[in-house]
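**Student:** Quick one: the structure is below, and I'll ask about it shortly.
All of the numbers you see were taken from the coordinates with simple rules; none came from a lab. Note that this is a predicted model, so its numbers are computed, not measured.
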Amino acid sequence: MNSTVRLQRSGQHGFTLVELITVMVIVGILGAAAAARWFDRAVYDAASFGDQASALIRYGQKMAVAQNRPVFVRLDGASVALCFSNDTACPADQRVLAASGSNSGEKTTLDRCDQSGSWACEGAPNGVSYVASPATGMFFFDALGRPGVSGSGFAKLSLSVKAGANSASVVVEAETGYVH
């Protein structure tokens, strides 16, 4: 067979090296931006602690109504805790038990809540802080579920939870004690 067979390409198939490198660079840039956002826990920590604080405060209100006695909410900037007395140290015999029998058990919660896993107390994760406005270290719910502050009237309370540039808020309405 002496005939020469020439292969002809009717169309180009595949990608050029330049196209592959361009796509890889774009995917790398998008991946770096997404990874930074993915591994930034501050967004989740602020929202999570805000939700935990809101649920704990609601539980305090329900406990006050169910037990027909005041329940005090301690806000010390590092944790949110429930107590049957207005003592900021909250003696062990005056602590409100957690609804499920134990709190979250997170290391920061145990450190900031006296290593008691059964107390209705949640500690703010590292890097998360909150500020109450108006500033109060403690308020209570009376037997009817209405909020109050010892010695004065209760205005709407706002907790501003911050973690880096991220924030969440918890509001306790005056008169009704509605928590949102």
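**Student:** How far is helix 17-38 tilted, in degrees, relative to the longest principal axis of the Cα atoms in the chain, given as a value from 0 to 90 rounded to the nearest 10?
**Tutor:** The two axes meet at around 10 degrees.
**Student:** Under the rule a/c < 1.5 gives rounded, and otherwise a/b versus b/c splits prolate from oblate, where does segment 51-107 land using the Cα gyration tensor?
**Tutor:** It comes out rounded by the Cα gyration axes.
**Student:** Also, quick follow-up: Helix 42-67 against the longest principal axis of the chain: what's the angle in degrees, Cα atoms only, rounded to the nearest 10?
**Tutor:** So the helix axis and the longest Cα principal axis differ by about 30 degrees.
**Student:** Normalised by the residues of segment 55-115, what does the relative contact order come to in percent, with Cα pairs under 8 Å and at least six apart?
**Tutor:** The value is 24 percent.
**Student:** Shifting gears a bit: Given H placed on each backbone N at 1.01 Å, which residues far from Val96 in sequence or on other chains put an amide H within less than 5 Å of it?
**Tutor:** Under 5 Å from the amide H of Val96 lie the amide H atoms of Leu82, Cys83, Phe84, Ala120, each far enough along the sequence or on another chain.
**Student:** Of the listed values (i) 127; (ii) 206; (iii) 107, identify the label whose number matches volume of the Cα convex hull per residue in Å³ calculated from this model.
**Tutor:** The value computed from this structure is option (ii).
**Student:** Relative contact order of segment 27-162: what whole-number percent is it, with Cα pairs under 8 angstrom and at least 6 residues apart? Display every interim value, and only then the final one.
**Tutor:** On the way: 221 pairs, mean separation 36.1, N = 136.
Over segment 27-162, the number comes to 27 percent.
**Student:** Sticking with this one: Taking the alpha-carbon distance from Lys107 and a cut-off under 28 Å, which lysines remain once sequence neighbours fewer than 8 residues away in the same chain are dropped?
**Tutor:** List returned: Lys62, Lys162.
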